[in-house]
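The values are calculated or read from the model by the stated rules, or taken from the named source; none is laboratory data. All values derive from a computational prediction rather than experimental measurement. All Cβ positions, even for glycine, are placed from backbone atoms using ideal geometry, and neighbour counts span all protein chains on display.
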Amino acid sequence: MSRVSISLVLLSLLGWLAFWTISTLDLFEQVPEFRQFALGMGLTVTAITLVAVTARFLLQTVMSGAFQVKPSGLVSAIVYSALSLIACFALLSRFGVDVGAILTTSAIVGAVIGLSMQSTLGSIIAGMSMSAEPLLKIGSAISFENKTVYIEQKTWRHVVGRRLDNIRIIIPNSMLANMPILVLPEDGPTRFDVFLHLPPDVPPQQVTDLLSQAFTDIEHLDTTRAVMVTPIETQPEFDSIRYRIRLWARTYSHVTILQGEVLRRAWYVLERANIRQPRNKLFGSTKQMQIKASLLDKIIRTALPDNLGEYAILDIRQYKFAPSEVLNFPQSEQGRSLIIVRGQVHENGNPYLNPIEHGRSARPHLPTMNVQELSTSASVRKIADRLALDVGPVAEQLVRDAMRSSKDLDDLLLTLSASIHDESRRAAFLTSSKGLIKKNMRQGKWAISHLSIDASGRMSPDLELRAITEVLAVTFSKELQTEKTPE
């Protein structure tokens, strides 16, 4: 029992002890009203004590203990109100008040109020029943009208939620009580499907082998579960086979974005294997634009060391990689050399050493997907907004002037920081703004790398590379040229 309950019990015992003393010793015989007052006080304190103890028993022992349901504030208020009403009627009946007349009058008034507030009372009653549901709480995500809604507030009449497009929505409790509610998983992974149409002459097992290993470097997917790629339907009228790719997202909020990213990644993986999705015959066939071999030969020779210029460049092959994809190549590329011709990559993109894979019970801190990253213009806009906090409205003009003379974003930050005279504010500006600039980026031609097989069977370059933008990689073999002697 709590201290309040113990205090009420002691106060009730003291009240009855005082009444017993007055009645036994015939005290205050000349003032009978005082005896009635002592009786009334004892009954009132006892009623309050019974209400507090009974409500605590129902809420904590019965609901929380036996039924494992945490009572909400609304349920607690209803329990206390009902018990207080019963106690009041018992006290009035004890003092000779006609409770039946009061109940008859209140029934008539209640019927009038109930008819006029039918929808409101329906929402209140529905809110009472929903408040006892442990799955539906603040922070939960539900599917409402095929939209994901995160619950932000629960009241006695309605639920306030926010959709993924940042629009707030008010849902009456009566509507939620009369419809099936899909409560989305909060801490566990969520399964979703993506569908593809591919030509029927491509072996299904080849498609499965390619795509089942194509998404292991996407951190937002639960890579501890199998990626199931299966043909589910033949469509002769479209000259295609319909495939289903079944994956698991770490959190439900990323499913919509991941569906598009899976399609993007699948296109690049299938394109490298010369598998193209079927097109309507009315549009004809198209050929992918590739850089001419002569131009690639020139680019490769430019990157070769001077003492290797006498080598002949043979069997040049081109591969395109999607943003955020780790650069892995077919097994036939073993022993060949690699050069990045177009796009941006960074080092150490090994998905097998990702610390996110540890601590599955906690929700991981996931990096931003490529499609969610700010563009360069948006980053500059945010830098200008941050600078305005220190220098005021002139920040817009300072950024425009610095853009013309700066060679990159790092140089832009240094130029802009010179306009902040206070050293502490200048340091704070640089610290907060450098997070908007991508690091470890290299663009254009790379030094020559060699391809080899690692312990997991992946064909990868000497340095683990991950694409930042779309990357065009070229592999080649070189052979020492020998001069022919005249006969």
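Structure notes:
- Selection status of Arg301, modelled with pLDDT of 75 or more, surrounded by 12 or more Cβ atoms within 10 Å (Cβ to Cβ) and out of contact with any Gly (no Cβ under 6 Å at 6 or more places or on another chain): no
- Of all the residues in segment 204-219, those that are in contact (Cβ under 8 Å) with a residue 60 or more places away in the chain, more than 30 Å from Glu152 (Cβ to Cβ) and surrounded by 14 or more Cβ atoms within 10 Å (Cβ to Cβ) number 4.
- Given (1) within 26 Å of Gln331 (Cβ to Cβ); (2) touching a His at 6+ places or on another chain (Cβ under 9 Å), number of the condition Thr216 does not satisfy: (2)
Conditions (1) surrounded by fewer than 15 Cβ atoms within 10 Å (Cβ to Cβ); (2) in a loop (DSSP other than H, G, I, E, B); (3) in contact with a Leu (Cβ under 6 Å, 6 or more places away or on another chain), marked per residue:
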site: Trp156; (1), (2), (3): no, yes, yes
site: Val159; (1), (2), (3): no, no, no
site: Arg162; (1), (2), (3): no, no, no
site: Phe195; (1), (2), (3): yes, no, no
site: Val202; (1), (2), (3): no, yes, no
site: Ile232; (1), (2), (3): yes, no, no
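- Scope segment 260-275; condition within 22 Å of Gln205 (Cα to Cα) and assigned to a helix (DSSP H, G or I); matching residues: Val262, Leu263, Arg264, Arg265, Ala266, Trp267, Tyr268, Val269, Leu270, Glu271, Arg272
- Residue in segment 415-429 that is under 25 Å from Thr469 (Cβ atoms) and either crowded, with 16+ Cβ neighbours inside 10 Å or modelled with pLDDT of 90 or more (or both) present: no
- Qualifying residue in segment 367-376 (condition: more than 25 Å from Ser253 (Cα to Cα), of a type outside the set (Lys, Arg), over 26 Å from the mean Cα position of the chain (by Cα) and modelled with pLDDT of 70 or more): no
- Filtering Phe283, Phe238 for residues that are at pLDDT below 85, aromatic (Phe, Trp, Tyr), farther than 29 Å from Ser140 by Cβ and surrounded by 12 or more Cβ atoms within 10 Å (Cβ to Cβ) leaves a single hit, Phe238.
- Being of a type outside the set (Asp, Glu), modelled with pLDDT under 90 and either within 30 Å of Gly139 (Cβ to Cβ) or more than 23 Å from the chain's Cα centre (by Cα) (or both) is a description that does not apply to Thr216.
- So Ser379, is it exposed (fewer than 13 other Cβ atoms within 10 Å of the Cβ), out of contact with any Asp or Glu (no Cβ under 7 Å at 6 or more places or on another chain) and without any contact (Cβ under 8 Å) to a residue 60 or more places away in the chain: no
- Yes/no for Pro189 being at pLDDT below 90, surrounded by 17 or more Cβ atoms within 10 Å (Cβ to Cβ) and touching an Asp or Glu at 6+ places or on another chain (Cβ under 7 Å): yes
- Complete set of residues in segment 220-230 that are out of contact with any Phe, Trp or Tyr (no Cβ under 9 Å at 6 or more places or on another chain) and buried (at least 19 other Cβ atoms within 10 Å of the Cβ): His220
- Test: residue in segment 164-180 that is part of a strand (DSSP E or B), surrounded by fewer than 19 Cβ atoms within 10 Å (Cβ to Cβ), assigned by TED's automatic domain parsing to the domain that holds Ala141 and without any contact (Cβ under 8 Å) to a residue 24 or more places away in the chain: yes
- Criterion violated by Ala101 - all others in (1) modelled with pLDDT of 65 or more; (2) more than 23 Å from Thr46 (Cα to Cα); (3) touching a helix residue (DSSP H, G or I) at 6+ places or on another chain (Cβ under 7 Å) satisfied: (3)
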